[in-house]
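What follows is one structure encoded as structure tokens, with my remarks underneath.
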Amino acid sequence: MKDGDRMNETSSDVATLHLGDTPIRDRPIGRSIGRGLFNRCPNCGQGRMFGRFLKVNDTCTTCGEALHHHRADDFPPYIVVTIVGHLVLGGFMMTEMLVSLSNWQHLAIWVPITVLGSLALMQPVKGGVVGLQWALRMHGFGGHEDRPEDELPAQDRT
């Protein structure tokens, strides 16, 4: 057997991690985030994730996957502020280099873009965060609720 054949043979063997006797279903992170970005259940990709603008459905209407475990908290707005802030700042600087506008004209352009961009990105980003949490089995998505021992002790939180 040649070295190239041995390398091809070992690279095609993929080990699957099983804890105990129960096999764990694969939850690809990229696929789960992508489904969340498109307002779809991270499990089946069919059911709608949101019932209202930012209210995640308790369960998927198609597959019945429990989605109420999520704890997205302030992470989606942080991501949205980072994205929109970079785009608006870059747009403002480029506009200022090309055209001389008054402060009021800049406000008339960039404030609506900032508000509309933030509103447009908030739901997809929150869906992506919930999809990430589902894929990583965080906050109850792994079959058990968060326990006190899952968190850092008070003296280590600083």
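The values are calculated or read from the model by the stated rules, or taken from the named source; none is laboratory data. Treat the numbers as computed from the prediction; the structure is a model and nothing was measured. As a convention, Cβ positions derive from the backbone with ideal geometry for all residues, glycine included, and neighbour counts pool all protein chains shown.
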**Message:** Just the residues that are hydrophobic (A, V, I, L, M, F, W, C) and in contact (Cβ under 8 Å) with a residue 40 or more places away in the chain, please, taken from the stretch 107-124.
**Reply:** Leu121, Met122
**Prompt:** Within the stretch 1-58, which residues are of a type in the set (Ser, Thr, Tyr) and either modelled with pLDDT of 90 or more or closer than 20 Å to His69 by Cβ (or both)?
**Reply:** Thr22, Ser32
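Give me the residue from the stretch 95-126 that is small (Gly, Ala, Ser) and modelled with pLDDT under 95 and, out of that set, nearest to Thr59 (Cα to Cα).
Applying the filter and picking the extreme gives Ser102.
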**Asked** Can you find even one residue in the stretch 72-79 that is outside any helix (DSSP H, G or I) and loosely packed, with under 14 Cβ neighbours inside 10 Å?
**Response** yes
**Request:** List every residue pair whose Cβ atoms lie under 6 Å apart, where the two residues are 6 or more positions apart in sequence or sit on different chains, the first residue falls within the stretch 28-53 and is under 15 Å from Ala72 (Cα atoms) and without any contact (Cβ under 8 Å) to a residue 40 or more places away in the chain, and the second residue, located anywhere, is of a type in the set (S, T, N, Q) and surrounded by 20 or more Cβ atoms within 10 Å (Cβ to Cβ).
**Result:** none
**Message:** Restricting to the stretch 62-94, and then to whatever is at pLDDT 95 or above and β-branched (Val, Ile, Thr), can you tell me which residue is farthest from the chain's Cα centre (by Cα)?
**Reply:** Val88
**the stretch 91-135, residues that are farther than 19 Å from Val81 by Cα, crowded, with 19+ Cβ neighbours inside 10 Å and not hydrophobic (A, V, I, L, M, F, W, C)** = Gly131, Gln133
